[in-house]
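Working notes, beginning with the structure itself.
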Amino acid sequence: MQMIPENSWDHYDAVILTETFLTQEWHIDSFYAVHNFATQGILRRPKGGISLLMKANLSPFHVRLKSANILMVTTKVCTFICAYFQPDYKSEEIIDELTAALTMIPRKEPVILAGDLNCRTDIELHKSKWVIDFITREGLTMLNWPKGKANLSVNGSRKIESVFTNKDVIHQQ
């Protein structure tokens, strides 16, 4: 069963997917794919997983970091930091992992940090404020509207996915 139409991402150069549950290679025509596979959770169900799909115009690229929560890939245009943090991660843990990734990149290099930080921005929370403030102090700006809703379900909606970039990338647009 195909859940996503094949042409859904045709007009994008890069697509970041989080909480993929992938445990083996998966590809879409016209995209290179780099995966940080999910791990086996309770009852052998996969948990986590991050994928970055890139069009050929972003090549050459190389993987700079794969950790439990971060997939970092440098392309000819910018470095993508793709992140997924489970809801139980504390702000200090998220900041520590993001610090480790950001210190691997020269300050002036264009960066796109995106994914599911499990830090709600649609309401005020201590965890979210600490993480977002840290990312901002590192010179990155949130591109998506912080109060926008996502993850719509019968339980309501919440905003946890975010996209950040540094000023160099913003001015290139």
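The values are calculated or read from the model by the stated rules, or taken from the named source; none is laboratory data. Predicted, not measured: the structure shown is a model, and the values here were computed from it. Just the protein is used for accessible areas: all its heavy atoms, side chains included, with ligands, DNA and RNA removed. Shrake-Rupley method; radii C 1.70, N 1.55, O 1.52, S 1.80 Å.
Which whole-number value in Å² is the accessible area per residue of segment 1-109, probe 1.4 Å? Each step should come with its number before you reach the end.
On the way: 6530 Å² over 109 residues.
Per residue, segment 1-109 has 60 Å² of solvent-accessible surface.
So, with a 1.4 angstrom probe, what is the percent of accessible area on segment 18-104 that is carbon and sulfur?
Details: 2500 of 4580 Å².
Of all accessible area on segment 18-104, carbon and sulfur atoms account for 55 percent.
Just read off the accessible area of Phe37 with the full protein assembly in place, 1.4 Å probe, to the nearest 10 Å².
For Phe37, solvent-accessible area is about 70 Å².
Exceeding 25 Å between C-alpha atoms, which entries from my cross-link table qualify? They are Lys76/Lys108; Lys76/Lys167; Lys47/Lys108; Lys129/Lys167; Lys76/Lys129.
Values: Lys76/Lys108 14 Å; Lys76/Lys167 17 Å; Lys47/Lys108 34 Å; Lys129/Lys167 21 Å; Lys76/Lys129 32 Å.
In this structure, Lys47/Lys108; Lys76/Lys129 lie more than 25 Å apart at Cα.
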